[in-house]
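I have placed the structure first, in the form of structure tokens, so that the comments after it can refer back to it.
Only the coordinates and a few stated rules stand behind these numbers; no lab work does. Since we're looking at a predicted model, the values are computed, not measured. With ideal geometry, Cβ positions are generated from the backbone for all residues, glycine too; neighbour counts draw on all protein chains shown.
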Amino acid sequence: MTARLLLFTRFPRPGTTKTRLIGLLGDQGAATLHREMTEHTLQVVDQATASAPFEVQIRYTGGTPAEMARWLGTHRQCVDQGDGDLGARMDRAAADAFDESTDSVVVIGSDCPDLNPGLIKRTFDLLIRTDVVLGPALDGGYYLVGIRRAAWERARRPLFSDMVWSTSEVLTETVRRIHAAGLDHTRLDFLGDVDRPEDLIIWERARNTKT
């Protein structure tokens, strides 16, 4: 079996990242936070590959290939997300993977510092027999979505088309659509994203645990 993890992130250019935190942290502070959280997430992903081998591809926006290489190294596979809303960009990334004969795809962002190697490994294990895996976020969205090849054509439209993103109803609507499409799904643990000033305690706790 082949598997691919897609990490969605943005080049940490001041003024364009973590915009809801700029009022508190400033342009540079918000960009630094995003850079540190992306690097933290990559460390978690790298640890997970030790027990659950999978390909890692970074899907980025807001930067150039040269900037991404200088930031994360030339050994990383980095691909521009392309145009469209979040759903269109996730659909494109997953479709590329399945077009390349991948058996299962997992999409994550860099906003969930409590995501750990065990949850990533469990997701790929679940996708052997489960159509869709969701990592529910405390804000009503999700921090992870996994799809297996056998479910892809039935799952792609319910998951990624005509969704109102960044609302507290994303998870509920996603689950409703999955059921309507006749698919099964498994949910992981609820975790918190870091998007707003009140969420920074999540990052501080994760960083302190790491050190």
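Some points to look at:
- Residue in the range 134-167 that is nearest to residue 90 (Cα to Cα), counting only those that are crowded, with 16+ Cβ neighbours inside 10 Å and among the aromatic types (Phe, Trp, Tyr): 160
- Any hit, the range 48-66, residues being of a type outside the set (D, E, K, R) and under 23 Å from residue 201 (Cβ atoms): no
- Residues located in the range 177-201, provided they are within 17 Å of the chain's Cα centre (by Cα) and closer than 14 Å to residue 139 by Cβ: 190, 191, 192, 193, 194, 195
- Among the residues making up the range 182-211, those that are without any contact (Cβ under 8 Å) to a residue 60 or more places away in the chain, surrounded by fewer than 17 Cβ atoms within 10 Å (Cβ to Cβ) and either outside any helix (DSSP H, G or I) or among the β-branched types (Val, Ile, Thr) (or both) are 182, 184, 187, 190, 201, 209, 211.
- Leading residue by the ranking (nearest to residue 97 (Cα to Cα)) among those in the range 49-83 that are among the charged types (D, E, K, R) and in contact (Cβ under 8 Å) with a residue 40 or more places away in the chain: 55
- Against the criterion of being within 14 Å of the chain's Cα centre (by Cα), buried (at least 21 other Cβ atoms within 10 Å of the Cβ) and acidic (Asp, Glu), residue 131 does not qualify.
- Check on residue 174, over 19 Å from the mean Cα position of the chain (by Cα) and in a helix (DSSP H, G or I): no
- Within the range 62-78, the residues that satisfy the criterion of being under 23 Å from residue 120 (Cα atoms) and in contact with a strand residue (DSSP E or B) (Cβ under 8 Å, 6 or more places away or on another chain) are 72, 76, 77, 78.
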